[in-house]
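Following: one structure in structure tokens, then a few remarks.
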Amino acid sequence: MGVGVSIFFLTLGAILRFAIEPDVLGRNVHIDVIGVIFMIVGAVGVVLSIVLGARQGHTSDERLMHRENHPEE
């Protein structure tokens with residue numbers, strides 16, 4: 001999950017938690033709890049993206065090229 005998807009989950013979770021009434025879909029579905037879960041998933045995704053992105057930044061892509069010098073006959 002990238003940073004963009006994580007931010008989407010954070011935004012969706014905040015909307016579900018703070019902008020929508022908890023009893024919109026009835027008493028059995030708790031929209032505010034689903035919003036908190038989405039915000040947690042988004043926050044974990046952002047942290048993992050930053051940590052793993054920093055780890056990938058230290059790798060190098062050096063390649064050894066071997067050329068043989070054969071003069072034309």
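Here the label points at GLU68 and HIS30, each 7 Å from Cα along the C-beta direction, are separated by 7.2 nm in the simple model.
Give me the log10 of I(q) over I(0) for segment 3-54 at q = 0.12, 0.16, 0.20 Å⁻¹, as the Debye formula computes it from C-alpha points; what are the numbers? Cα-only, vacuum Debye calculation for segment 3-54: -0.29, -0.46, -0.62. The slack in the chain from ILE50 to VAL3, taken as 0.36 nm per residue of separation less the alpha-carbon distance, amounts to 16.1 nm.
Each peptide in 16-23, 37-44 was scored by the mean count of other Cβ atoms within 10 Å over its residues; highest first, the order is 37-44, 16-23.
Every number in this text was worked out from the coordinates using simple rules, so none of it is lab data. Bear in mind the structure is a predicted one, so any value in this text is a computation, not a measurement. Counting neighbours? That spans all protein chains shown, and the Cβs are built from the backbone with ideal geometry, glycine included.
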